[in-house]
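The numbers here are math on the coordinates, done by the rules we state, and not lab data. If you're wondering where the values come from, they're calculated on a predicted model, not measured in any experiment. Cβ sites come from the backbone with ideal geometry, for glycine too, and all protein chains shown count toward neighbours.
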Amino acid sequence: MIPMKVKILQKKGEKLTFLLDGASPAFANALRRIMISEIPTLAIDEVSIMDNTSVLFDEVVTHRLGLIPLTFPARRMNPPGECRCKGKGCPLCRVNLKLDRKGPGMVYSGNLRSSNKAVKPTDSRIPIVELLKGQDIKLEATARLGLGKTHIKNQAANAAYQYYPELEANGAKGRDELKKITEACPKKALAIRGKKLILKAPVNCDICRSCEEAGKGIKIKANPSKFIFRLESVSGLNPRDIVIKANEVLQGKARDFKKELSKV
Ligand SMILES: [Zn+2]
């Protein structure tokens, strides 16, 4: 078996692109599904509205609050069912956020006051509701950890992968033909080196096969054991932590399976 390798290709803000080599499509897909739906993230899931004279109904305001991504100390917070307080609620499993604004003006995510310094919206400029003169809003919200498979507000990331493209160029070609082939690639992934065609930027290639149509003997093969993984965090976790946590979740599943097997 080929040992598995991981190489970071691009890292920018909330986005991460990495190469996963020596894995099967089943493994890559397990990782992708866990990253999307089984990484605990913090989101508002209970709201007590004391006052709301804005144009939005209470439930619409509540829905908007739930969708605000929050930063949180991932290692120091427990899911409600697994906390020491046995579900009663304590600072390790819940965070209170308050909102108290008077119009006129836009109410933003940054106006939420959190009981935990490490918990705040990832972006302070997410609009919640616009208040006119004389309108006001006052509420208290509780945020808890949850999973994306239960509610979309807890989705940790957008994750996708593609097979790694590999170029096969057979037969001698003139410079003009090579140029025509490189220009046929809408992603500018091909280049000419010496008298040869090379796949200069495999990350850009989405296997559209335009190059195959532009020249004879050109083939883009998709390697089913090598993957370009693209990840974008849509939660308060950074993409690197999402990959690490996905691995922990997968390990936990294997551990549970092993435990069950020992009883057979
Ligand atoms: Zn607790």
How would you rank Phe18, Phe72, going from fewest to most other Cβ atoms within 10 Å of each one's own Cβ?
-> Phe18, Phe72
As a Kirkwood estimate from alpha-carbon pairs, segment 17-57 has a hydrodynamic radius in angstrom of 14.5 Å
Any lysines whose Cα falls less than 24 Å from that of Lys5, other than same-chain ones fewer than 8 residues away, would be Lys15, Lys200, Lys221, Lys226, Lys245, Lys253
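In whole Å and largest first, what semi-axes does the C-alpha gyration tensor of segment 42-151 yield when each eigenvalue is scaled by 5 and square-rooted? Kindly include the intermediate steps, with their values, before the conclusion.
Values: eigenvalues 140, 34, 29 Å².
Square roots of five times the eigenvalues give 26, 13, 12 Å.
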Nearest-0.05 FRET efficiency for His151 and Asn223, computed from C-beta distance (R0 22 Å) = 0.05
Partner lysines whose C-alpha sits under 24 Å from that of Lys138, ignoring same-chain residues fewer than 8 away, are Lys98, Lys102, Lys117, Lys120, Lys153
Simple label model, 7 Å out from Cα along Cβ direction - Arg113 to Lys258, nm = 4.9 nm
With a point put 7 Å past each Cα toward its Cβ, work out how far Arg75 is from Leu132 in nm, to one decimal.
-> 5.1 nm
Cα axis of helix 175-184 to longest principal axis of the chain: angle in degrees, 0 to 90, nearest 10?
-> 20 degrees
Cα centroid separation, segment 175-210 to segment 100-143 (Å) | 50 Å
The helix 239-263 Cα axis meets the longest alpha-carbon principal axis of the chain at an angle in degrees, between 0 and 90 and rounded to 10, of 90 degrees
Overall Cα dimensions of the chain, principal axis frame, Å, largest first = 77, 61, 26
For the chain, modelled as a GNM with alpha-carbon contacts under 10 angstrom, which of Val47, Val55, Val203 fluctuates the most?
-> Val55
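Check each of the trypsin sites (Lys or Arg not before Pro) in segment 51-128 and keep only those in coil by DSSP with at most 13 other C-beta atoms within 10 angstrom; list them in order. Mind showing how you got there, number by number?
Details: sites: Arg64, Arg75, Arg76, Arg84, Lys86, Lys88, Arg94, Lys98, Arg101, Lys102, Arg113, Lys117, Arg125; in loops: Arg84, Lys86, Lys88, Arg94, Lys117, Arg125.
Within segment 51-128, the qualifying trypsin sites (Lys or Arg not before Pro) (loop, at most 13 other Cβ atoms within 10 Å) are Arg84, Lys86, Lys88, Lys117, Arg125.
Hey, fewest Cβ within 10 Å first, where do Glu14, Glu82 land in order?
On the way: Glu14 18, Glu82 11.
Final ranking by Cβ density, sparse to dense: Glu82, Glu14.
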If a/c stays under 1.5 just call it rounded; otherwise compare a/b with b/c (prolate if a/b is bigger, oblate if not). Do that for segment 1-40, with a ≥ b ≥ c from the square roots of the Cα gyration tensor eigenvalues.
-> oblate
Lys133, Lys120 arranged by Cβ crowding within 10 Å, fewest neighbours leading | Lys133, Lys120
Between the modelled labels at Lys12 and Ala191 (7 Å from Cα along Cα→Cβ) the distance in nm is 1.8 nm
Computed over the chain: longest principal axis from alpha-carbon atoms vs helix 25-37 long axis, angle to nearest 10 degrees, is 20 degrees
